[in-house]
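The values are calculated or read from the model by the stated rules, or taken from the named source; none is laboratory data. If you're wondering where the values come from, they're calculated on a predicted model, not measured in any experiment. Cβ placement follows ideal geometry from the backbone for every residue including glycine, while neighbour counts extend to all protein chains displayed.
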Amino acid sequence: MTGCLTIAGLGPGSPDQITPAVEQAIAAATDVVGYIPYVARIAPRDELVLHPSDNRVEADRARHALDMAAAGRRVLVVSSGDPGVFAMAAAVYEVLETDPARWQDVDITVLPGVTAMLAAAARVGAPLGHDFCVINLSDNLKPWALIEQRLQLALQADFAMAFYNPRSKSRPEGFEKTMQILKSCGEGKRPVIFARAVSTPDESTPPAPPKKRGRFKVIKKRR
């Protein structure tokens, strides 16, 4: 018997911002797979098995979820925000491509969620009301040279920009390099919004200057 695999976004943090479709998927699941702090957002119940795992094991997590679904389980893979934005949807499909025959009968559904970027933007007005781009500043999966190239091109295109994962203990220099690039291109007058834990009690999102709209930088910090 083949089960199903649902990949869902839990939104930026508040239970109020989980979509009804995702709530239904949580209620129907036999297994929940995800990064430790995201699985912790799922309330335990009888006959629901939680499978939390550490960061940087996305491929192993995806493979485990696919195997359980192939064995007949109703598996839910959870991410924060939206699962298709720097999250688990891509990891699942990348693993699926390595051995499509192995999981060819698994029914896969992706359920969108509210991203931290959009939640942060809503807090301050309409900074993403025109053309914008989103850049992940983590160099875990791509070289810094590529990140820098994308920053330069985004500046040339005059996009509003949202940055994810700006800094961590293992890579503190990336954010400083980003700020240097922005300053070198005459970006001193562009408003910058730093957002952390949006929609949770630990939220930190400074208010935007009044009547400001347009070429913002929204920087989302990892919770």
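Taking the range 141-172 as the range and being exposed (fewer than 15 other Cβ atoms within 10 Å of the Cβ), among the small types (Gly, Ala, Ser) and in a helix (DSSP H, G or I) as the test, the residues that pass are ALA145, ALA157.
Return yes when SER138 is within 24 Å of SER199 (Cα to Cα) and of a type in the set (Ser, Thr, Tyr) and no when it is not. When the stated conditions are applied, SER138 passes them. Counting only strands (runs of 3 or more DSSP E) that sit wholly inside the range 1-72, those with at least 3 residues that are of a type in the set (A, V, I, L, M) and modelled with pLDDT of 95 or more are 4-9. Within the range 1-47, the set of residues being hydrophobic (A, V, I, L, M, F, W, C), without any contact (Cβ under 8 Å) to a residue 40 or more places away in the chain and surrounded by 16 or more Cβ atoms within 10 Å (Cβ to Cβ) comprises VAL39, ILE42. Only residues that are of a type in the set (Ser, Thr, Tyr), farther than 13 Å from THR6 by Cα and not in a loop (DSSP other than H, G, I, E, B) were counted in the range 73-126, giving 1. Figure legend. Inter-residue proximity from the range 173-200: first residues assigned to a helix (DSSP H, G or I), second residues modelled with pLDDT under 80, beta-carbon distance below 7 Å, spacing 6+ or different chains. Indicated pairs: GLY174/ARG167; PHE175/ARG167.
Taken over the range 91-133, the criterion of being within 15 Å of the chain's Cα centre (by Cα) and surrounded by fewer than 16 Cβ atoms within 10 Å (Cβ to Cβ) is satisfied by CYS133 alone.
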